[in-house]
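Please treat every number below as a calculation from the coordinates, not as lab data. In this text the structure is predicted, and so the values were computed from the model without any measurement. Please note: Cβ atoms are built from the backbone with ideal geometry, for glycine as well, and neighbour counts cover all protein chains shown.
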Amino acid sequence: MTIQENVLLAPYTTFRIGGAARFFVQVKSLADVREAYDFARGKNPTGKTLPIFILGGGSNLLVSDAGFDGLVIKNEIKGIEFEKKGDDWIVSAGAGEKWDDLVAVTVEKGLFGLENLSWIPGTVGAAPVQNIGAYGAEAKDTIDWVEVYNPTNGKIERLANADCNFGYRDSIFKHERKNNIILRVTFLLRKNGKLSTEYKDIKNYFAEKGTGSVEILPTLENVRKAVIEIRTKKLPDLTKYGTAGSFFKNAVISKSQYEDLVAKYPGLPLFPVDEKNVKVPTAWILDNICGFKGVRRGAAGVYQNQALVLVNFGGAAAQDIKNLANEMIASVKQKTGIIISPEVEMV
């Protein structure tokens, strides 16, 4: 294991933005993790305890232009294991595995549960932290347990699904367990599961494909293909532009607030949350009410096909993205009274 100094972080993020890390290390095992934490605790050239940031695929981050004055630990712990459990399968993956590689192999093996989460960038370790979700599915729906290294006591601990406090793009790993490093995530998948195709985009996809000369049915493999095709059309090509995907969370508001808004802005969609609250798509508000789709502010801008996606068109600084995001937040608040919040983590 090699500790590097003054490593530029921009190449390690999908935004392609960010200054240098004071120290940087890639860990591939538990032994590496322990050694990295020892280094951060004072066994380093500064002689002081360093702040730590855990980096996965860098797909949900906006790193400051000033970088990170501490130790960045790049999690590259790999390995995928399968274990049969009755009619189901336990699938355990190292935190450093690419998320979509895991989804692909489970679909190839005919295991249901992750297919709607296809084509999400990033690593397995980020899935429980963010409780990633798309097209009617969330990571919490299939996570069985999460294995972590707890630097407070130096122990390896397993947190069951119920202990992770999963919420909308939220988990215990953003709060009480923020300093833990995820080692492995285990999923409970079904061999004879039920497909989830009720989400509007997926339903429309198969409705359109069913009208051709060759009908395409919603099989496990075809749902994955559908999600990949839908996401590809909505999101920028990462080989050409820098982006972190959806920059903002969807907004949860009261039913009474929604009724006031839909009277003013007919067509505003909603998704039920509970008896008192609904979720409204931030992308719809940014596009139809605030008119941000395709807006450019120099090298920073909003993607022309999806108003929720901020883009580095080449040479944008972190502050350029922040300024645009703040402009969007202010516009939504002014026009609707809703305060939207970033899904992307600021480092």
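Identify all residues within region 261-279 that are of a type in the set (D, E, K, R) and exposed (fewer than 14 other Cβ atoms within 10 Å of the Cβ); write none if there are none. Give the derivation first.
First, pick out the residues of region 261-279 that are of a type in the set (D, E, K, R): 264, 274-276, 279.
Correct list: Lys264, Asp274, Glu275, Lys276.
Output the number of residues of region 270-294 satisfying the condition of being assigned to a loop (DSSP other than H, G, I, E, B) and in contact (Cβ under 8 Å) with a residue 24 or more places away in the chain.
Here is the first cut: in region 270-294, the ones assigned to a loop (DSSP other than H, G, I, E, B) are 270, 273-276, 281, 290-294.
If we keep only those that are in contact (Cβ under 8 Å) with a residue 24 or more places away in the chain as well, we get 281, 290, 292.
Going through region 270-294 one residue at a time, the tally reaches 3.
Being assigned to a helix (DSSP H, G or I), touching a residue at least 24 places away in the same chain (Cβ under 8 Å) and over 21 Å from Val63 (Cβ atoms) is the filter here, so list the residues in region 299-347 that pass it.
Result: Ser331, Val332, Lys335, Thr336.
May I ask you to list the residues in region 143-184 that are without any contact (Cβ under 8 Å) to a residue 40 or more places away in the chain and in a loop (DSSP other than H, G, I, E, B)?
Within region 143-184, Thr152, Asn153, Asn165, Phe166, His175, Glu176, Arg177, Lys178, Asn180 meet the criteria.
Would you check which residues across region 101-117 are outside any loop (DSSP other than H, G, I, E, B) and either surrounded by 19 or more Cβ atoms within 10 Å (Cβ to Cβ) or on the phi > 0 side of the Ramachandran plot (or both) and list them?
The first filter runs over region 101-117 and keeps only residues outside any loop (DSSP other than H, G, I, E, B), leaving 101-108, 112, 115-117.
Of everything in region 101-117, those that are outside any loop (DSSP other than H, G, I, E, B) and either surrounded by 19 or more Cβ atoms within 10 Å (Cβ to Cβ) or on the phi > 0 side of the Ramachandran plot (or both) turn out to be Leu102, Val103, Thr106, Val107, Phe112, Glu115, Asn116, Leu117.
Yes or no: region 226-237 includes at least one residue that is exposed (fewer than 12 other Cβ atoms within 10 Å of the Cβ) and without any contact (Cβ under 8 Å) to a residue 40 or more places away in the chain.
yes
Hey, could you check region 118-142 for residues that are among the hydrophobic types (A, V, I, L, M, F, W, C) and assigned to a loop (DSSP other than H, G, I, E, B) and say which is surrounded by the most Cβ atoms within 10 Å (Cβ to Cβ)? Give the steps one after another, and end with the answer.
Keep residues of region 118-142 that are among the hydrophobic types (A, V, I, L, M, F, W, C), which gives 119-120, 124, 126-127, 129, 132, 134, 137, 139.
So of that shortlist, the ones also assigned to a loop (DSSP other than H, G, I, E, B) come out as 119-120, 124, 132.
Details: Trp119: 17, Ile120: 24, Val124: 28, Ile132: 20.
Looking at the filtered set, the residue picked out is Val124.
Could you identify the single residue in Lys194, Lys140, Lys98, Lys109 that is touching a residue at least 12 places away in the same chain (Cβ under 8 Å), out of contact with any helix residue (DSSP H, G or I) (no Cβ under 8 Å at 6 or more places or on another chain), basic (Lys, Arg) and under 26 Å from Phe271 (Cα atoms)?
Numbers: Lys140 fails: out of contact with any helix residue (DSSP H, G or I) (no Cβ under 8 Å at 6 or more places or on another chain); Lys98 fails: under 26 Å from Phe271 (Cα atoms); Lys109 fails: under 26 Å from Phe271 (Cα atoms).
Selected residue: Lys194, the only one of Lys194, Lys140, Lys98, Lys109 that is touching a residue at least 12 places away in the same chain (Cβ under 8 Å), out of contact with any helix residue (DSSP H, G or I) (no Cβ under 8 Å at 6 or more places or on another chain), basic (Lys, Arg) and under 26 Å from Phe271 (Cα atoms).
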